[in-house]
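What follows is one structure encoded as structure tokens, with my remarks underneath.
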Amino acid sequence: MSQGLETFYDVIRRRGVSRRSFLKFCSLTAASLGLGPAAASQMAHAMETKPRIPVIWLHGLECTCCTESFIRSAHPLVSDVLLSMISLDYDDTIMAAAGHQAEAILEETLEAHRGNYILAVEGNPPLAEDGMFCIPGGEPFVNKLKRMASGASAVIAWGSCASWGCVQAAKPNPTQATPIHKVVTDKPVIKVPGCPPIAEVMTGVLTYMLTFDQMPALDRQGRPKMFYSQRIHDKCYRRPHFDAGQFVESWDDDNARKGYCLYKMGCKGPTTYNACSSVQWNDGVSWPIRSGHGCLGCSEEDFWDRGSFYSRLEDIDGFGVEANADEIGMAAAGAVGVGIAAHAAASAVKRVIQKPDSHTRRPHDGSDQA
Amino acid sequence: MSSQYTSQEALKEVDALAAKQQSIYVYEAPVRLWHWVNALAMTVLAVTGYFIAEPLPSTAGEASENYLMGWMRYIHFSAGYVLAIGFLGRIYWAFVGNKHARQIFVLPVWDKDWWKEIVFEAKWYLFLERDPKKYVGHNPLAHLAMFGVFVTGTILMILTGFALYAEGAGQDSLHYALFGWVIVLFGDSMQVHTWHHIGMWVLIIFVMIHVYAAIREDIMSRQTMISTIVNGLRSYKDDRP
Ligand code: HEM
Ligand code: HEM
Ligand code: SF4
Ligand code: SF4
């Protein structure tokens, strides 16, 4: 399976990709990573000379939408090249081998490439009941994850499940589904959140790591800066309508037809870090906001627990009904206003009852000041 | 150890005055100037902040001809700078100004008398005490609110406000370098928005009570209030202790 000494280029050529296509792939990828033209030849050189790095792709609690997204990379070239490049030494969803034969590959990679392979994880381990809620190949996923992480050079957390927990970790999270960085604490974990992440983002991150043999620069939350350093809102093509104060006020109004900003419909673009507004989806065919719906914030932590998809801010529980900050604030300010009015009235009464000169009834120095 | 913010200390200071009807210089000019600049900035911030969160009805015409949200945010951020720089100036003055300039930043939690007088003041506001006491600076209850709500709330608003600003300015910005940690502290961008928003309502409620209490005390207490924050002088209406 894993022939450690082959270069990426050898593998690619063996799979029938022409040199021309290979170079095209390098320049495409360099561009999508926002690197300069020089990077394309750097990339080509690296791929021609460096031995291929094995990738193990594990699946925990997940829906496979990340894999689905990945294999639908916009440029068939990219997915072709990448799939052959990483050759996915192990990916239980799309690999040919099955059963014990497949599981044996894990041990083999762990031994042969210890400290050298990349562990990509889709989904997350449930920790409750000793991990018994997810048992692929007869072993709790959490054990498998820890074992495979122990020999990996770096861990990629694919999608919101692996990065944050996503739907299976939503309240009340009965299986105690837990994101990767809380289980694998001794290795760098690269979060590539999204439900699913954009295919080009996934391939971009992998290509960067494989060709430059280093981690991409990460932001404070552990996401690759090249794709996650800006909010949807920062690059949204409807932003001029936001700045102008032109909003969709209801789903079927004229403003919706005109393509105004979806802020008032609860668009979470202003709080969501992802590349949708610049990379877009399906080879730039469209993306959620372009199709007329607000961003759900799918790449943000706990997005299932953050209230309605149609409210921009979180709902605040614990007030009997779920309410938003303005409702609570206005109710509180109203109550305080009523309280002040009542207090003022009582104060006025006190002044009438308590004679203005009453202070002098306890004379101190004969002063008759009130 | 007793602090300088209780009525006993106030009486000593009043007694020290040559003539009883003389007034004490409490709020120095920078504090008074700051008070009104800060009040104005907060009002502007609350109004524009509210309309950032709940925008006005949509404008008509081409997007290129309108910039309503843009101006709303621009004014908000400018007022945010005024608020933050003013607050830094106020902290500076706490070091170099008179002792009353320090009051809102320090709670004399070690002072039993101070705690007792908080209870006393609460009773005064609940109509359970007939006559109020005299104070030179803030009364203990006001002091607690100034620190616990105003100072804390303002720091929260400045930190969360600049963290939100940093998101727009970008991760390479100085703002992000200085305030990016706030986003991590709160968890994520949305939490920062939510707390920034809740903070507004907390401060609005503070101001409502503050203004009411200032006017009421001006009438009901034995000392001047509103003229004090205008000209800095505290005078007393009677000479009793
Ligand atoms: C946004 C609005 C306002 C805010 C945030 C605010 C805040 C404050 C703060 C922090 C202080 C303490 C000053 C210090 O010790 O450094 C203070 C004092 C004072 N403020 Fe305001 N203020 C506001 C509006 C007003 C208004 C409209 C009035 C007039 C009725 C007023 C009357 C006073 C008075 C009389 C004092 C002195 C209280 C005392 O002597 O104990 N304030 N205010
Ligand atoms: C008394 C002080 C302040 C009040 C009452 C206030 C109020 C608000 C409110 C209600 C929002 C809307 C939040 C939301 O629903 O998303 C907001 C947003 C914001 N505020 Fe403030 N704010 C204050 C101080 C500041 C300061 C000091 C700054 C720093 C420059 C600041 C910067 C921002 C930014 C950047 C936003 C986000 C704007 C956007 O999402 O387009 N604020 N503010
Ligand atoms: S549609 Fe959403 S992301 Fe786009 S400008 Fe409006 S609020 Fe921002
Ligand atoms: S627009 Fe928002 S919800 Fe939609 S895919 Fe992008 S980040 Fe996720």
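The values are calculated or read from the model by the stated rules, or taken from the named source; none is laboratory data. Please read these numbers as outputs of a predicted model, since none were measured by experiment. We place every Cβ from the backbone using ideal geometry, glycine too, and count neighbours over all the protein chains shown.
Every residue, every condition in (1) within 16 Å of ligand 2 (Cβ to nearest atom); (2) buried (at least 18 other Cβ atoms within 10 Å of the Cβ); (3) away from chain A (no Cβ under 14 Å), yes or no:
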{"site": "B:His76", "(1), (2), (3)": "yes, yes, no"}
{"site": "B:Gly80", "(1), (2), (3)": "yes, yes, yes"}
{"site": "B:Leu83", "(1), (2), (3)": "yes, yes, yes"}
{"site": "B:Phe87", "(1), (2), (3)": "yes, yes, yes"}
{"site": "B:Phe95", "(1), (2), (3)": "no, no, yes"}
{"site": "B:Val109", "(1), (2), (3)": "no, no, yes"}
{"site": "B:Lys112", "(1), (2), (3)": "no, no, yes"}
{"site": "B:Ile118", "(1), (2), (3)": "no, no, yes"}
{"site": "B:Leu126", "(1), (2), (3)": "no, no, no"}
Item to check | Breaking point among (1) more than 10 Å from ligand 3 (Cβ to nearest atom); (2) within 12 Å of another protein chain (Cβ to nearest Cβ); (3) crowded, with 20+ Cβ neighbours inside 10 Å, for A:Lys258 | outcome: (3)
Checklist outcome for this item: In the stretch A:243-255, anything of a type in the set (D, E, K, R) and more than 10 Å from chain B (Cβ to nearest Cβ) is listed as A:Asp252
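So that you can scan it fast, the table gives a plain yes or no per residue for (1) within 14 Å of chain B (Cβ to nearest Cβ); (2) in a loop (DSSP other than H, G, I, E, B); (3) within 16 Å of ligand 1 (Cβ to nearest atom):
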| residue | (1), (2), (3) |
| --- | --- |
| A:Lys146 | no, no, no |
| A:Ala154 | no, no, no |
| A:Ser160 | yes, no, no |
| A:Gln168 | no, no, no |
| A:Thr175 | no, yes, no |
| A:Val184 | no, yes, no |
| A:Lys187 | no, yes, no |
| A:Pro196 | no, yes, no |
| A:Val201 | no, no, no |
Next on the checklist: Step by step: first the residues of the stretch A:115-132, then only those that are surrounded by fewer than 14 Cβ atoms within 10 Å (Cβ to Cβ) and part of a loop (DSSP other than H, G, I, E, B), then the one that is modelled with the highest pLDDT. Which residue is that?
Outcome noted: A:Met132
Item to check | Wholly within the stretch B:139-241, helices (runs of 4 or more DSSP H) carrying at least 2 residues that are within 20 Å of A:Lys225 (Cβ to Cβ) and facing another protein chain (nearest Cβ under 9 Å) | outcome: B:152-169, B:174-186, B:189-220
Checklist entry - What is the one condition in (1) assigned to a helix (DSSP H, G or I); (2) surrounded by 23 or more Cβ atoms within 10 Å (Cβ to Cβ); (3) within 12 Å of ligand 4 (Cβ to nearest atom) that A:Glu300 does not satisfy? => result (1)
Checklist entry - Taking the condition assigned to a helix (DSSP H, G or I) and more than 13 Å from ligand 4 (Cβ to nearest atom), does A:His233 pass? => result no
Checklist entry - Considering the stretch A:167-185 alone, what residues qualify as being within 16 Å of A:Gln221 (Cα to Cα) and not β-branched (Val, Ile, Thr)? => result A:Pro179, A:His181, A:Lys182
Next on the checklist: Looking at (1) modelled with pLDDT of 95 or more; (2) farther than 23 Å from A:Pro270 by Cα; (3) not β-branched (Val, Ile, Thr), which one does A:Leu206 not meet, given that it meets all the others?
Outcome noted: (1)
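Rundown of residues vs (1) in contact with a Ser or Thr (Cβ under 8 Å, 6 or more places away or on another chain); (2) among the small types (Gly, Ala, Ser); (3) facing chain B (nearest Cβ under 7 Å); (4) more than 16 Å from ligand 1 (Cβ to nearest atom), yes/no style:
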| site | (1), (2), (3), (4) |
| --- | --- |
| A:Pro224 | no, no, no, yes |
| A:Ser229 | no, yes, yes, yes |
| A:Arg238 | no, no, no, yes |
| A:Ser291 | no, yes, no, yes |
Checklist entry - Could you say which residue among B:Ala46, B:Ala10 is of a type in the set (Gly, Ala, Ser), within 16 Å of ligand 2 (Cβ to nearest atom) and in a helix (DSSP H, G or I)? => result B:Ala46
Next on the checklist: Give all pairs with beta carbons closer than 9 Å in which a residue from the stretch A:295-311 that is under 18 Å from A:Cys65 (Cα atoms) and more than 16 Å from ligand 2 (Cβ to nearest atom) meets a residue that is aromatic (Phe, Trp, Tyr) and in a loop (DSSP other than H, G, I, E, B); count only pairs at least 6 apart in sequence or on separate chains.
Outcome noted: A:Leu296/A:Phe309; A:Ser299/A:Trp164; A:Glu301/A:Trp164; A:Asp302/A:Trp164; A:Phe303/A:Trp164; A:Phe303/A:Phe309
Checklist entry - Of B:Glu167, B:Glu129, which residue is touching a strand residue (DSSP E or B) at 6+ places or on another chain (Cβ under 7 Å) and either on the phi < 0 side of the Ramachandran plot or touching a residue at least 40 places away in the same chain (Cβ under 8 Å) (or both)? => result B:Glu167
